[in-house]
Each structure stands twice: as structure tokens, then as C-alpha cells.
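A quick write-up on the structure given underneath.
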Amino acid sequence: MRKLRTFVVIAAAAALAAGIAASAGAAPTRADSTLNGAGSTLIQPAFSVWGPAYASATGVEINYSGIGSGGGISAITNRTVDFGASDAPLSPDQASACNGCVQIPWALSATSVVYNVPGVGDTKLKLSGPVLANIFLGKVTSWNDASIKALNPGLSLPDQKITTVHRSDGSGDTYAFTDYLSKVSSTWRNQVGVNTAVNWPGGVGGNKNAGVSAVIGSTPGSIGYVSDAYALQNHLAKARLRNAFGKYTLPGITGIEAAAQTVKSVPADNKMSIVDPPATKKFAAAWPISTFTYIIVPTTSKNATDLRHFIFWALSPKQQASIKKLIFAPIPKVVLVAAEKTLTKIHS
């Protein structure tokens, strides 16, 4: 009987997977067509890999514009694109305004803390969440502040003013960063909060990840946050951040995958936060500012079949693996199942 029950469970799971594949993975309806999308700059590097590969395989061009998560949400809400992309899940008001949209997690990456401190090399700087929050709150204003020196014994830190750099546009990286700071600092949570755009206590704004990267690169004494792919592309120094377990970690596939283990089940709206994982050995390697990024699609679309096919293709193991070099970790199985189920809600 036990073997029979096991067979039934496996057969049912296989049937569900086959049904999803048949529905979501149907071939594109039009050769040489185009899908237009806009939004997250975090996911934009993935399109440099996915776009040409998908066009070659299907004849369908993917025209994607990295305008920031806030812009992507606005674009799909106004139906000026076929899909939006955001690293921040839709708020209740945004979901209502989007009028019949679903958000599907389709990539998993990290937001890095980057700096330009004279004499301090890449990965040499160590920070904790509370100290990082105090830096962006304007409470810690010099690189040789006692709170930073305490975390970096033996490191020569200059007596130089700290310049904080943040996104000036609506950004999913800002959402992930402020979500993290709100978890580690009650002052941040009460005074600034979590959103794609916030009232920053001070600092300099940069437009999109590219803009923040440029400001950091040209401003000695600066510190900011960017999607990890941009830190790599622009050769920016990355800080080691102390996670809840007490280990100083760097963003990378191992740390992102460890953070994603916090997901045991996926809510109906697919909204998830994996920042600041618990202080247990299981999450010892976790990078504390890891994040899912979402594609946002109307449930009713004239391009429903093409959209379903493209998203199903992007979620495939081969395509998830194709962007690992850009520091995108493969979607965990529990999230992949939820994503593929959501795909079946998209129709013509």
C-alpha cells in the first residue's frame, strides 16, 4: 500500500507538470513577432543572454527597456508594454491599479553594497546591518568612525567624509535595500521605511543601476547599493556584510541560494522577501540582501501564448543556468512550481 500511495503521488505530480508544460510552453503563435517589456534594471543583464537566444530559437524578438522597477510597474499598468519587470512585489494599491495582473518570480539575484574608499581594496571592508543603517541615516559620517573601525580591526580607514549614494528613480534594488535596513534597524523602519522610492535622509541620487555605479566610481568616500551584475561590470569594490548568523558574506550564487532556502511555501500572490535570513546554521552562508525579481503580466492579453511560452522558456533549467555567470541563482523548486502554476492564469 505504501508503494501504491507513493506511485499515485508521483503520477499526480507528473500529470500536473505535464499539464502546465502543455499550457505554458505552447509554441509562439506568430513568427518574427516582438514582445515589449520594461522595468527592473536588475534583470536587464539577463536579457543580454535571453534576448538573442530566444529570438534565435523562436523568431520572437524581446524588446526590453531597463527603466527601473517603478517605471515597469507603471508601464504594464498603463498597458504600454506586454510585460513589466520589478524586483519589488506589487503593493495592494499597485495590484489593484494593474487591473488583472499577475506577478511571477522568474529570477533570483542580489543587491550588493559597494564603496569607493581610498586605500581600502575590494572585499576588505566589513559592515553590519545596524552600522550600514546608521551610515545611510547620517549618524555615521566618517570612514574612521569608531563603529566602522570596530568591525575592521587592522584595516587602515581614512579620516574622510562618507557620501551615501542611492537610486533617484523607483527601484526594486531600493526596495530590497530598504527592506533589509528595516529588518536590522528599528530607527530606519520607523523613520524611512520600505519602498521602491523613499525620502532619503541625505546623500546623492543616481539614475538606475548604471547611474549609481557611475557616481560610486567617480566619488572617493562614497558608498551605495547596486544589483550585483553591475558591481561586476563596473569593477566596484564590494563590502562584506555580516548576516544574522554572524558571518561576513559576499553576494554570490552560494549566498543567494542559501537565503532562498527561507522560502518553504509561496503565497497566492507570489510575494516573497528573503532579506536578513534567520540566525541559524542553515543560513550561515546567506547573503542578507538577496531578492526575487518578477515579471508582471496581465491575465488577459492578445499575446498570451507568446508570453506564456517566453516565461516558461526563461524558467527552464537551461535558461536559469545561462545567467548564473551574471550572479543569478536558479529558482528553487517550490518557487518554480508556483511560477508555472501562475502561468496558467494568462489567457487571450
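The values are calculated or read from the model by the stated rules, or taken from the named source; none is laboratory data. Every value quoted in this text rests on a predicted model; they were computed, and no experiment measured them. Heads up, the Cβs are rebuilt from the backbone with ideal geometry, glycines too, and the neighbour counts pull from every protein chain shown.
A few notes on this one:
- Applying the condition of being without any contact (Cβ under 8 Å) to a residue 60 or more places away in the chain and surrounded by 14 or more Cβ atoms within 10 Å (Cβ to Cβ) to region 45-73 and asking which residue is nearest to R167 (Cα to Cα) yields S65.
- When region 100-138 is filtered for residues that are free of Cβ contacts under 8 Å to residues at least 60 places away in the same chain and not assigned by TED's automatic domain parsing to the domain that holds L155, nothing remains.
- Inter-residue pairs, beta-carbon under 6 Å, first touching a residue at least 40 places away in the same chain (Cβ under 8 Å) and in region 219-240, second outside any helix (DSSP H, G or I) and of a type in the set (F, W, Y), 6+ apart: I223/Y115; A237/Y115; A239/Y115; R240/Y248
- Among the residues of region 297-348, those identified as in a strand (DSSP E or B) and under 27 Å from S96 (Cα atoms) are V297, P298, T300, H347.
- Test: residue in region 280-296 that is more than 19 Å from the chain's Cα centre (by Cα), outside any strand (DSSP E or B) and surrounded by 14 or more Cβ atoms within 10 Å (Cβ to Cβ): yes
- Note on region 209-221: residues that are surrounded by fewer than 24 Cβ atoms within 10 Å (Cβ to Cβ) and either in contact with a Gly (Cβ under 9 Å, 6 or more places away or on another chain) or part of a helix (DSSP H, G or I) (or both) amount to 7.
- Elements of type helices (runs of 4 or more DSSP H) contained in region 1-79, each with 3 or more residues being touching a Ser or Thr at 6+ places or on another chain (Cβ under 7 Å), at pLDDT 55 or above and closer than 16 Å to V297 by Cα: 69-77
- Those residues of region 165-206 which are assigned to a strand (DSSP E or B) and within 21 Å of the chain's Cα centre (by Cα), in sequence order: V165, H166, R167, G205, G206
- Restricting the first member to region 74-93 and to residues that are without any contact (Cβ under 8 Å) to a residue 40 or more places away in the chain, and the second to residues that are of a type outside the set (S, T, Y) and part of a loop (DSSP other than H, G, I, E, B), the beta-carbon pairs closer than 7 Å and six or more apart or on different chains are A75/V81.
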